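Following: one structure in structure tokens, then a few remarks.
The values are calculated or read from the model by the stated rules, or taken from the named source; none is laboratory data. Computed from a prediction, not measured in an experiment: that's the story for all the values here. Because the Cβ atoms are built from the backbone with ideal geometry, glycine has one as well, and the counts that use them run over all protein chains shown.
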Amino acid sequence: MPRDPYEVLGVERDADEQQVKKAFRGLARELHPDVNAHDPDAEEKFKEAAEAYEILSDAERRATYDRYGHDGLRSGGYAPNFEGFGSISDLFNAFFGGAGAGRTGPAQGGDIGVAVEIELIEAAHGAKVGVAYDAVKRCERCHGNGAEPGTPIETCERCGGAGQLQGSTRTPFGQMVRTVVCDVCHGDGRVPKEPCGECRGRGRLTVRQELDVDIPAGISDGQRIRLSGRGHEGEAGAPAGDLYVVVGVREDERFVREGDDLITALDVAAPLAALGATLEVPTLEGSASIELPAGTQPGEVLSVRGAGMPGLRRGHGDLRVLVNVVIPRRLTPEQRELLERLSESLTEENLRSQESMFAKLRRALGSQAA
């Protein structure tokens, strides 16, 4: 269902002609193609604004809309006429001048995106990953000119060799002349007398491409690698687009990654946490020894320097070890007796903590601000 044109332009229902025009021009400036090249929805947004202006700038249409809405306009034969514009630039030029400027040259090839997945250990060491994708490439049989080898290329009869066609379109500003790319020669001005049997006169073909991509050590999940010129080939010798490889790093059940640091949890029996011990912790390279100080508390974090992920530029992160003190269960009679004796021997000095109650709560809730 189309949006309310008053809402689209951001004007009140009693706005006069000048207010409507001012609102449309302001909105159009925001949607200018030079500003919104990154926005794939810019063309549709501009068309919506232009349609709203066409309705509200015409007294008869506006009155019909106010009484019957969009259904009334459709039953009256109104329909926005924005077909045939090649891009938002063409559409914008039709409203604000510049129509007939023509093409600036052959279009550069489009970019291609592919996704790959690697293990965390591969992200740490770097890897070579094979990718396969479809790309538009120059036809080797006709060398890109679209003609069967040995046959001539003739001037396009539809555009007379100009590569462009002119037409007029009614807009809110009156009759506007616009220029579009010829739909027969696609802007080249020439067409092959006998189209190439391989590419059917298009000069380009979709070809399966395979290559090995070097994944740098230290890459993170979701990062992209750009391979210049590996995308779709451009028209008439224009530069090719780029290939973007989006790297996904699979989760490793032993670690959580945070930047270049790795975090792992180490279960420690309560007696060992009280006495202290030398324990083994998993690392990307196998294992490492870590000293557990006597009296280590639940949730304390110990570090193994340099045992994390390599940085993309230099250095390594750390391995952070979260100590999970495990309280023994299913005690034997002998174990229960030993613990009872220990409990009876404990004094306030054994249980005193240097942390405040607030700090304990912050740590228990997972905050690093304690």
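Below are the figures for this structure:
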| item | result |
| --- | --- |
| Filter result for residue 20 (touching an Asp or Glu at 6+ places or on another chain (Cβ under 6 Å), at pLDDT 80 or above and surrounded by 17 or more Cβ atoms within 10 Å (Cβ to Cβ)) | no |
| Filter pass, residue 228 being farther than 30 Å from residue 163 by Cβ and not basic (Lys, Arg) | no |
| Subset of region 114-155 (residues that are hydroxyl-bearing (Ser, Thr, Tyr) and under 35 Å from the mean Cα position of the chain (by Cα)) | 133 |
| All positions within region 251-306 that are of a type in the set (Ser, Thr, Tyr) and touching a Gly at 6+ places or on another chain (Cβ under 8 Å) | 296 |
| Tally, over region 284-316, of residues that are part of a loop (DSSP other than H, G, I, E, B), over 37 Å from the mean Cα position of the chain (by Cα) and surrounded by fewer than 10 Cβ atoms within 10 Å (Cβ to Cβ) | 0 |
| Count of region 182-216 residues which are loosely packed, with under 13 Cβ neighbours inside 10 Å and touching a Lys or Arg at 6+ places or on another chain (Cβ under 9 Å) | 5 |
| Matching option when the condition is at pLDDT 90 or above and assigned by TED's automatic domain parsing to the domain that holds residue 262, among 298, 293 | 293 |
| Selection status of residue 94, at pLDDT below 85, part of a loop (DSSP other than H, G, I, E, B) and surrounded by 15 or more Cβ atoms within 10 Å (Cβ to Cβ) | no |
| Cross-chain or 6+ apart pairs with Cβ under 6 Å, region 239-251 first and farther than 13 Å from residue 223 by Cα, then among the hydroxyl-bearing types (Ser, Thr, Tyr) and modelled with pLDDT of 90 or more | 242/228 |
